[in-house]
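I have placed the structure first, in the form of structure tokens, so that the comments after it can refer back to it.
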Amino acid sequence: MSHHIVQADNLHYTYPDGTVGLDDINFKIHHGESVALVGSNGAGKSTLLLHLIGCLTPTKGYIRIGDYPLNKKNLKAVRRSTGMVFQDPDDQLFMPTVFDDVAFGLINFGVPEAEIENQVMKALEIVGVSHLAQRSPHKLSGGEKRAVAIATVIATMPDIIIMDEPSSNLDPASRRRLINLLKTFTHTKIIATHDLDMALEICERTIVINKGSIIADGSTKELFNNEKLLAMSGLEKPLTMQGLR
Amino acid sequence: MGNLQNNLFDIFYMDTLACSKTWIHSLDPRAKVLTTLLFVGIVVSLGKYEISILIPFLLYPVMMITWANLPVIYLIKKIIILMPFAFFIGIFNPLIDKDIILKINLVDITNFITIMGFQNSTGIIEISGGWLSFFSIMIRFSLTVSAALILICTTGFDSVCLALQKFRVPSPFIVQLMFLYRYMFVLIDEASRMARARSLRTFDSDSKMKFSLFVPMIGQLLLRTLDRAQRIHLAMCCRGFDGHIQMFRKMNFGVSEVLFILGWSSVFIICRLYNIPFNLGIFISKLY
Amino acid sequence: MHMADALISPAVGCTMWSVTASLIAYCSKKVKNGMEDQKIPLMGVLGAFIFAAQMINFTIPITGSSGHLGGGMILSILLGPHIAFLTMASVLTVQSLFFADGGLLALGCNIFNLGFFPCFIAYPLIYKSIVSRFNTQPYTERKHQKKDRYILIGSLIASIVGLQMGSFAVVLETLFSKISELPFGTFMLMMQPIHLAIGVVEGLTTGAVVLFIWKARPEILDSALSTSPLSSSNSAPLSINKVLIGVVVATILTGGILSWFASSNPDGLEWAMFKTSGVEELKSQETIHTSLSEIQEKTAFLPDYGFKSNELSEYNKSSEVPNLVDSGVVDTGASVSGIVGGTLTLIFTVMIGFVLKRRKSEITIS
């Protein structure tokens, strides 16, 4: 199914002040794949994610999402098929209630009114927070906020889910719930994270970024065994693998 | 920075109150907004020397507080905290307006001396217009403030906004109000974290800060806020935002809402047209 | 400084509500038509910022009192007047609802006083003209350094002027309302110097924070200055003209409505400018008399307790302010009834509350 392919070709990005953000990024992610995007702070993970949702335009090269090259014309169609979970759920939950927040995307994408309530509740049930529908986002705990943020994204039924640090600031139990939830998703997943244990559990493939360019791309297990590579990119062997040694 | 945190908790608490489930809470917000506006309008429309006619209006806050199960002490405290402002403006009235316009014959009501112990001359208590208008201001102040607080504590800010939207308040303003309310919590939290970090590294007990510290702190907060706005916009765009925010919300303006408005407005109008305490007094003095 | 519900008459409150409402409608329309949609979350979050920032105080040296950031000017500088006005209006609305700052009826006055003057007068006429005078000069490094001063001076003067106008509006609104007894001159002498001090503090904070932003992220301010945040009008004079026309219209509207109230409501306004023509005065005296006689008619139900009518007119002569007597003269007999009845009503009302509460808790227990 070439339909849900995510492809970056010769991608370059330079910030307005001259800092190089991305330098010759190439990859191809196929339908249903789960890919972890790892790298030290400031390596360019978030910059790459912003390109994938069309919030930044590459200075050189292009991105293909599905059948479309990503440009202004297809932006809406692309955003319809991708969902992004931001690092700070407070940025993502801007409406007065959880319900409104989940419904926001549905209304914008023209889902008929009669179906909205149904779809909202379904999305909330999937992430297990349907009891929070009428609450205000500012009254939720960190874990609940994250769950709702994920619900806002899956409600619109995207083919590709992009996540920025989904497990940050979560308590261990919430993190476990999140991992179990993500395991059930059949979407194409691209997850930028520092949580290598989570990456190990969810993603079969990993892309390592350092200083704006890809330095490794391959099977998660193999890459995480390469201690030299991990050290070079400011990472550390996942705890679960350290125990195996 | 107790100030910041306290304000946050205060709003938080009112928000929680607005989530309880009494029949007042479940009324359509439009009914409550209308009634509140009517109440404030009528109370304020009364003459500046009126006191007795204002008293029956207390029925509205009393009933609403009981019906909606609101914490009386908390609300009274909140009103008292706000008092000084009206007090400072009002207190000039007795100083300037010294004309006696109320005379109370002691023979008639000896039992009220202790309450109204002002200028006592020849068996008649004289009260100046200034004092009358001062008390009138204070009572009016308490009534209108309590009405606003009750509205928020029984309805919640979001629902008030939605009601305003139904009243054709322009949507950019409504969206603005909702965003402000949503991010108020986030930003006050952020501001108090910054303030706490500052106070941990300066060793004065004073909660206020120097100007030279204040500017970079506010500036920093502002920069963070601008960044946040950008991120929120991204998040909105990712979910198909194209400049319009629509809400899907059911509102039901039914019989009970109509009855609520009609009931209260007739009470207000009766209280406005007939000085109930006055007539009651006449009735009693006739008996006596 | 916020106006309070208790201090304004419904006439003033409603007038200011309608003026403010039309301003909000006008700005909303402007914003709807000419805004990039990224400004929608921006203005919301900046409103929250003003809200939070006003809770952070700093100590003013020597006086020991505290100051904080003023809202209208910095918002105008960052967002342009229309969005700034809406944002300011939202901040004041939330303040009035949660902290009961001001009140619902006075909300119109407050939005006008604290939003209109900084956003539509002080910002375009003062700040913008000072800073744009700098902008027209050719760019050199030295000039760039000098811009600091322009920004600081611009926001200082603009803040002071905005606040002076705002506080003067408070004085006028209070006087038109006739609830407070403070005479015009005294009140103004109280208000204006205080607000001069507040204006200086706010101007300095605004200027300093704007400078901070300008140094950290110059592009934010440059974009706000060069292209007027509302898309089209790069030409400053045009927009200023528009605003001026708006001000004149608003003033005429306000004045017109108020004077209409003045002529129809005898005790509402006794204002020097309405007194200039003798006709006005005569008319109002006439109405005062009719309302007086009405009061007498009312009190005539209790002839035994009431003031004698000649005593009343004596009062009328002796007192310096003739219209004092008309609205609320209560005679002794009436006041006794009022006090007795009032106390009873008060007790009765509170009792209703208690009984209801008791019954409610019984229900929940059983």
So is B:PHE268 more than 7 Å from chain C (Cβ to nearest Cβ) and over 26 Å from A:PHE99 (Cα atoms) or not?
yes
When you check B:ALA195 against the structure, is it within 22 Å of C:GLN95 (Cα to Cα) and touching a strand residue (DSSP E or B) at 6+ places or on another chain (Cβ under 9 Å), yes or no?
yes
Going by the conditions given, is B:ILE24 within 8 Å of chain C (Cβ to nearest Cβ), part of a helix (DSSP H, G or I) and touching a helix residue (DSSP H, G or I) at 6+ places or on another chain (Cβ under 7 Å)?
no
Sole miss for B:ARG239 among (1) away from every other protein chain (no Cβ under 13 Å); (2) over 30 Å from B:LEU46 (Cα atoms) is condition (1)
Conditions (1) crowded, with 18+ Cβ neighbours inside 10 Å; (2) not assigned by TED's automatic domain parsing to the domain that holds B:CYS271: number failed by B:PHE39:
(2)
Just for the stretch A:78-88: of the residues that are facing another protein chain (nearest Cβ under 7 Å) and hydrophobic (A, V, I, L, M, F, W, C), which one is nearest to B:CYS237 (Cα to Cα)?
A:MET84
Please go through the stretch B:44-89 and pick out each residue that is part of a helix (DSSP H, G or I), over 27 Å from B:GLY156 (Cα atoms) and at the interface with chain C (Cβ under 7 Å from one of its Cβ atoms).
B:SER52, B:ILE55, B:ILE89
Scope the stretch A:55-75; condition more than 19 Å from A:HIS187 (Cα to Cα) and part of a loop (DSSP other than H, G, I, E, B); matching residues:
A:CYS55, A:LEU56, A:THR57, A:PRO58, A:THR59, A:LEU70, A:ASN71, A:LYS72, A:LYS73, A:ASN74
For the stretch A:164-172, does any single residue satisfy the condition of being modelled with pLDDT of 90 or more, outside any loop (DSSP other than H, G, I, E, B) and in contact with a helix residue (DSSP H, G or I) (Cβ under 8 Å, 6 or more places away or on another chain)?
yes
Which of the residues belonging to the stretch C:30-55 are more than 28 Å from C:PHE187 (Cα to Cα) and more than 7 Å from chain B (Cβ to nearest Cβ)?
C:LYS30, C:ASN33, C:GLY34, C:MET35, C:GLU36, C:LYS39, C:ILE50
Among the residues in the stretch C:177-184, are any modelled with pLDDT under 85 and assigned to a helix (DSSP H, G or I)?
yes
So for the stretch B:197-217 (the condition being of a type in the set (Val, Ile, Thr), touching a Leu at 6+ places or on another chain (Cβ under 7 Å) and outside any loop (DSSP other than H, G, I, E, B)), does at least one residue qualify?
no
Could you look through the stretch A:124-147, keep only residues that are part of a helix (DSSP H, G or I) and aliphatic (A, V, I, L, M), and pick out the one that is surrounded by the fewest Cβ atoms within 10 Å (Cβ to Cβ)?
A:ILE126
Quick check on the stretch B:50-74: of everything there that is surrounded by 21 or more Cβ atoms within 10 Å (Cβ to Cβ) and aromatic (Phe, Trp, Tyr), which residue is farthest from the chain's Cα centre (by Cα)?
B:PHE57
Go through (1) free of Cβ contacts under 8 Å to residues at least 60 places away in the same chain; (2) in a helix (DSSP H, G or I); (3) closer than 27 Å to B:LYS250 by Cβ one by one and return the number of the condition B:ASN6 breaks.
(3)
May I ask you to list pairs of residues, at least six apart or on different chains, whose Cβ atoms are under 9 Å apart, with the first in the stretch C:197-208 being within 13 Å of another protein chain (Cβ to nearest Cβ) and the second being of a type in the set (Val, Ile, Thr) and not in a helix (DSSP H, G or I)?
C:VAL201/C:ILE60
Consider the stretch A:89-112. How many of its residues are facing chain B (nearest Cβ under 7 Å) and not in a loop (DSSP other than H, G, I, E, B)?
9
When A:SER233 is evaluated against the numbered criteria (1) free of Cβ contacts under 8 Å to residues at least 60 places away in the same chain; (2) small (Gly, Ala, Ser); (3) farther than 22 Å from A:GLY54 by Cβ, which criterion, by number, is the only one it fails?
(1)
Single residue of the stretch B:227-273 satisfying the filter (assigned to a helix (DSSP H, G or I) and β-branched (Val, Ile, Thr)) that is surrounded by the fewest Cβ atoms within 10 Å (Cβ to Cβ):
B:VAL255
Considering each of C:ILE220, C:ILE240 in turn, give the residue that is closer than 17 Å to C:LEU78 by Cβ, part of a helix (DSSP H, G or I) and either touching a helix residue (DSSP H, G or I) at 6+ places or on another chain (Cβ under 7 Å) or at pLDDT 80 or above (or both).
C:ILE220
Single residue of B:ILE152, B:ILE137 found to be at pLDDT below 85 and facing another protein chain (nearest Cβ under 8 Å)
B:ILE137
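The values are calculated or read from the model by the stated rules, or taken from the named source; none is laboratory data. Values in this document were obtained by computation on a predicted structure and should not be read as measured data. Ideal geometry is used to build each Cβ from the backbone, glycine not excepted, and the neighbour counts take in all protein chains shown.
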